[in-house]
Amino acid sequence: MNEKLRKIVNHYGLNTQLKYFQSEIFELNEAIIKERNIGCLEGAIDNVIRVLSPLMNTTYVDKGREHIKEEIADVMVMLKQFQLYFDISSDEIKEVMRNKVARQVERISKEERKNDK
């Protein structure tokens with residue numbers, strides 16, 4: 001898959017893919033906001049459908065979750081293109097992520113200790 005992703009970013013160019021990435025991020029954001037703002041009626045109907053699906057021999061599909069999954073995949077495809085374009089290894093990214101997560105968890109711990117006083 002990496003070669004295909006390299007081909008895509010090299011064909012369209014970095015600037016075009018960066019603009020496309022912005023639209024993908026926006027679509028993911030919209031999907032999450034839409035799922036978060038689902039109304040009481042929609043939520044109740046969805047719960048009834050989920051409960052009744054086995055009785056009706058149908059498979060329940062959480063459309064909001066599926067939409068978010070699709071948008072995350074779109075964003076990840078774009079991120080992988082940039083990773084390959086800039087020749088950044090997955091190990092390098094994982095290390096930066098570990099450091100960022102550790103710093104944030106430490107900040108949370110400090111906040112919790114402060115709130116306990």
Original post:
Using the alpha-carbon centroid of each, what span in Å lies between the range 1-77 and the range 92-115?
Top reply: 28
**OP:** With an 8 Å cut-off on Cα pairs and a minimum separation of 6 or more residues, tell me the relative contact order of the chain in percent.
**Re:** 40
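Say the cut-off is 21 Å between C-alpha atoms; which of K34/K63; K69/K100; K7/K69; K19/K80; K34/K100; K7/K80 go over it?
Numbers: K34/K63 11 Å; K69/K100 24 Å; K7/K69 24 Å; K19/K80 15 Å; K34/K100 28 Å; K7/K80 12 Å.
Pairs exceeding the cut-off: K69/K100; K7/K69; K34/K100.
Starting with the highest mean, order 47-58, 25-36, 75-86 by the number of other Cβ atoms within 10 Å, averaged over the residues of each peptide.
Details: 47-58: 10.2, 25-36: 13.4, 75-86: 16.4.
Packing order, densest peptide first, comes out as 75-86, 25-36, 47-58.
Can you show me the helix-derived [θ] at 222 nm for the chain, built from DSSP H runs with n ≥ 4 at -39,500 (n - 2.57) apiece and divided by the number of residues, rounded to the nearest 500. Intermediate results must be reported in sequence, preceding the final value.
Working: 5 runs with 97 residues, N = 117.
Computed ellipticity for the chain at 222 nm equals -28500 deg cm²/dmol.
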**OP:** Arrange the peptides 91-98, 15-22 so that the one whose residues have, on average, the most other Cβ atoms within 10 Å appears first.
**Re:** 15-22, 91-98
Original post:
Accessible area per residue of the range 1-49 at 1.4 Å probe, in Å²?
Top reply: 83
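How much of the accessible area of the chain, probe 1.4 Å, is carbon plus sulfur, in whole percent?
Numbers: 5640 of 9760 Å².
After summing per-atom areas, the C and S share lands at 58 percent.
The values are calculated or read from the model by the stated rules, or taken from the named source; none is laboratory data. Model, not experiment: these values are computed from the prediction. Cβ atoms come from the backbone with ideal geometry, glycine included; neighbour counts cover every protein chain shown. Ligands, DNA and RNA are stripped out before the accessible areas are found, and what is left, the full protein with its side chains, is counted by its heavy atoms. Shrake-Rupley method; radii C 1.70, N 1.55, O 1.52, S 1.80 Å.
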